[in-house]
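Visitor: Got a structure here, written out as structure tokens. Questions coming.
The values are calculated or read from the model by the stated rules, or taken from the named source; none is laboratory data. Every value quoted in this text rests on a predicted model; they were computed, and no experiment measured them. Here the Cβ positions follow ideal geometry from the backbone for every residue, glycine too, while neighbour counts run over all protein chains shown. Protein only, heavy atoms only, side chains kept; ligands, DNA and RNA dropped before computing areas. Shrake-Rupley method; radii C 1.70, N 1.55, O 1.52, S 1.80 Å.
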Amino acid sequence: LRLASLPGVFQNISYDLQYVRGTIDRDTYLFRFRGQKHDALEIERLVRHVRATTNPDDPVYVFGFSGGSVLWKSERASPSRFYWSRPVIVGMAEGQPGYGVAGLLDDLERRRPKLVALQREEWRSEAFFMNQPPLRNWLETGYELEYETPVFSVWRAKP
């Protein structure tokens, strides 16, 4: 049964070698790595945008599964401890100071991000954020929708 996966391994190695040898560009290479939680090309595009439109000391907030990847690759800091949306969505320690929607909002108000990206993935992070009146109000009051993709809606702080 394990031998049945060998053709796939060889295909993957061949694909990786095409990229290393320069016969396919980075976007084409990354396009292959996508799923419901992770889309390598969309993450790369967001990273490029963050690096091009913010300063290294500007906080950037990504609410979704890919926050850690975007922040690490763009070398930007999150204004919140909640760089992954799942603990907020499931209500981890909700009602305790510093947790839940109220804790996230406190973090975002304390250190206002220059850019906010809401991710659309299987946990519906963007939908959750926008369905929380305090979070939605905070976002729509201080930010403008900059662009949308199938994976992210990206908001820029109003001047």
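Visitor: Do the conditions hold for Thr28, that is, is it open to solvent by less than 80 Å² (accessible area, probe 1.4 Å), among the hydroxyl-bearing types (Ser, Thr, Tyr) and touching a residue at least 60 places away in the same chain (Cβ under 8 Å)?
Guide: Criteria not met by Thr28.
Visitor: Can you pull out the residues in the range 98-143 that are acidic (Asp, Glu) and modelled with pLDDT of 95 or more?
Guide: Asp106, Asp107, Glu109, Glu126, Glu140
Visitor: Also, quick follow-up: For the range 96-116, what are the residues that are under 12 Å from Pro59 (Cα atoms) and either part of a strand (DSSP E or B) or among the aromatic types (Phe, Trp, Tyr) (or both)?
Guide: Leu115, Val116
Visitor: If you scan the range 58-95, which residues turn out to be part of a loop (DSSP other than H, G, I, E, B), open to solvent by 20 Å² or more (accessible area, probe 1.4 Å) and touching a residue at least 12 places away in the same chain (Cβ under 8 Å)?
Guide: Asp58, Phe65, Glu75, Arg76, Ala77, Ser78, Arg81, Tyr83, Trp84, listed by residue number.
Visitor: If a residue must be in a strand (DSSP E or B) and farther than 24 Å from His38 by Cα, how many such residues does the range 127-159 contain?
Guide: Residues in the range 127-159 being in a strand (DSSP E or B) and farther than 24 Å from His38 by Cα: 3 in total.
Visitor: Among the numbered criteria (1) of a type in the set (A, V, I, L, M, F, W, C); (2) surrounded by 20 or more Cβ atoms within 10 Å (Cβ to Cβ); (3) part of a loop (DSSP other than H, G, I, E, B), which one does Val50 miss?
Guide: (3)
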